[in-house]
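These notes are about the structure you will find just below.
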Amino acid sequence: MAEVLVVVEATKEFGVKKVTLEMLTLARELGTPSAVVLGGSGAAAALSEKLGEYGAQKIYAAEGDEIDGYLVAPKATVVAELVKQVQPAAVLLASSQEGKEIAARLAIKLDNGVLTDVVGLDADGTATQVVFAGSTIVKSKVTRGLPLVTLRPNSVPPTPAPASPAVEQLTVAATDVDKLAKVVERVAEQKGSRPELTEASTVVSGGRGVGNADNFKLVEELADLLGGAVGASRAAVDSGYYPHQFQVGQTGKTVSPQLYIALGISGAIQHRAGMQTSKTIVAVNKDAEAPIFELSDFGVVGDLFKVVPQVTEEIRKRK
């Protein structure tokens, strides 16, 4: 079977991201998964065990300062040369900011079509995309070149398929044009004990109904008791209640946890587009006509400032 290249998304703090495991799972249905690691020296060695656990048969490692010391241009150049060399059945990248930019640059370098925010990919290259804020499902196909797609996080349940991947070092030959944007400083973001939003199995989100930034402590407290992440609706973010990086929705992050709790969120289509694939949805809202109840598995019509403290107290009793 032909190789399927999976461009790895990972961080030093969390290691291999869940979306990479999803891409490896999807790649197994299309051909032989090969992971492409782009990073500093030793990046592939640190990630190889997890990549092998989810089916990577081979790891291509592009490491060093020419990759790690610049923005995405050298990465796109390396992947483009690899594609020309191995002629893969498909190339999968994450629908992240970096993944989409690499995909766009690849499409230009290879004179290839590209599909973004894909949620499924058939063996013949037919992609499934959810458009118009989740209201419409379309089937698409690249008409020029190979299937080059970016996968929306939380679209495919990742399943292990243990393998022992061989590591092949790639020669990094970045051009002067690739080096126009250099990384001059890195600042580590302070991380708490909560899981990353898109990786969490439990997410508790607050909306405009929370009232103000101080009241988000209710949301945080419930999330911490459940070992989950904190999210926010666009209305809450726009009102300054919570930072933008925690926004769930069409213009924020897409989550698909086992449990999603929506507190004071009306359920506008913009928000639903980012969480409607959650396995179990619980909503608390004082408006019985709120659209969120059409989507929820369990709903509580009531004042969240009365309901949530009772919930947290009951959870504490059972711990």
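The values are calculated or read from the model by the stated rules, or taken from the named source; none is laboratory data. None of the values given here were measured: they were computed from a predicted structure. Cβ sites come from the backbone with ideal geometry, for glycine too, and all protein chains shown count toward neighbours.
Residues are listed down the side, and each one gets a yes or a no for (1) in contact with a helix residue (DSSP H, G or I) (Cβ under 8 Å, 6 or more places away or on another chain); (2) among the charged types (D, E, K, R); (3) assigned by TED's automatic domain parsing to the domain that holds L295; (4) closer than 19 Å to R152 by Cβ:
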site: G39; (1), (2), (3), (4): yes, no, no, no
site: V78; (1), (2), (3), (4): yes, no, no, no
site: D111; (1), (2), (3), (4): no, yes, no, no
site: A123; (1), (2), (3), (4): no, no, no, no
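Each residue in the range 17-39 was checked for being surrounded by fewer than 24 Cβ atoms within 10 Å (Cβ to Cβ), β-branched (V, I, T) and touching a strand residue (DSSP E or B) at 6+ places or on another chain (Cβ under 8 Å), and 1 pass. Among the residues making up the range 31-50, a single one is part of a strand (DSSP E or B) and more than 22 Å from the chain's Cα centre (by Cα): T32. Exactly one residue among E53, E101 is under 20 Å from the mean Cα position of the chain (by Cα), of a type in the set (D, E), modelled with pLDDT of 95 or more and more than 21 Å from A174 (Cβ to Cβ), and that residue is E53. Looking across T254, T280, one residue alone is closer than 18 Å to P195 by Cα and either touching a residue at least 60 places away in the same chain (Cβ under 8 Å) or within 24 Å of the chain's Cα centre (by Cα) (or both). It is T254.
Restricting to the range 77-89, count the residues that are in contact (Cβ under 8 Å) with a residue 60 or more places away in the chain and at negative phi. Don't jump to the end; show me each part of the working.
Let us first name the residues in the range 77-89 that are in contact (Cβ under 8 Å) with a residue 60 or more places away in the chain, namely 77-79, 81-83, 86-89.
Still in the list and also at negative phi: 77-79, 81-83, 86, 88-89.
Number of matching residues: 9.
Any residue at all in the range 239-251 that is in contact (Cβ under 8 Å) with a residue 60 or more places away in the chain and closer than 25 Å to V131 by Cβ? Checking the range 239-251: at least one residue is in contact (Cβ under 8 Å) with a residue 60 or more places away in the chain and closer than 25 Å to V131 by Cβ.
Quick check on my filter: what residues within the range 118-139 are surrounded by 17 or more Cβ atoms within 10 Å (Cβ to Cβ) and in a strand (DSSP E or B)?
Correct list: V118, V119, G120, L121, A127, Q129, V130.
All conditions in (1) free of Cβ contacts under 8 Å to residues at least 24 places away in the same chain; (2) over 30 Å from D65 (Cα atoms); (3) not charged (D, E, K, R) hold for V187, with the sole exception of (2).
Scanning the range 237-276 for residues that are closer than 18 Å to V156 by Cα and surrounded by fewer than 17 Cβ atoms within 10 Å (Cβ to Cβ) yields one hit, Q258. Among the residues of the range 151-174, not a single one is within 25 Å of H271 (Cα to Cα) and free of Cβ contacts under 8 Å to residues at least 12 places away in the same chain.
Looking only at the range 5-16, filter to residues that are of a type outside the set (G, A, S) and buried (at least 18 other Cβ atoms within 10 Å of the Cβ); which one of those is farthest from S155 (Cα to Cα)? The extreme case among them is L5. When H271 is tested against (1) under 20 Å from K306 (Cα atoms); (2) in contact with a Ser or Thr (Cβ under 7 Å, 6 or more places away or on another chain); (3) of a type outside the set (S, T, N, Q); (4) assigned to a helix (DSSP H, G or I), only condition (1) is not met. Of the residues screened, V79 is one that is touching a strand residue (DSSP E or B) at 6+ places or on another chain (Cβ under 8 Å), in a helix (DSSP H, G or I), modelled with pLDDT of 95 or more and surrounded by 24 or more Cβ atoms within 10 Å (Cβ to Cβ).
Give V219, V230, V184 a once-over and let me know the one that is assigned to a loop (DSSP other than H, G, I, E, B) and of a type in the set (A, V, I, L, M, F, W, C).
V184
Of the residues that sit in the range 239-279 and are within 16 Å of V119 (Cα to Cα) and hydrophobic (A, V, I, L, M, F, W, C), which one is modelled with the highest pLDDT? My answer is M275.
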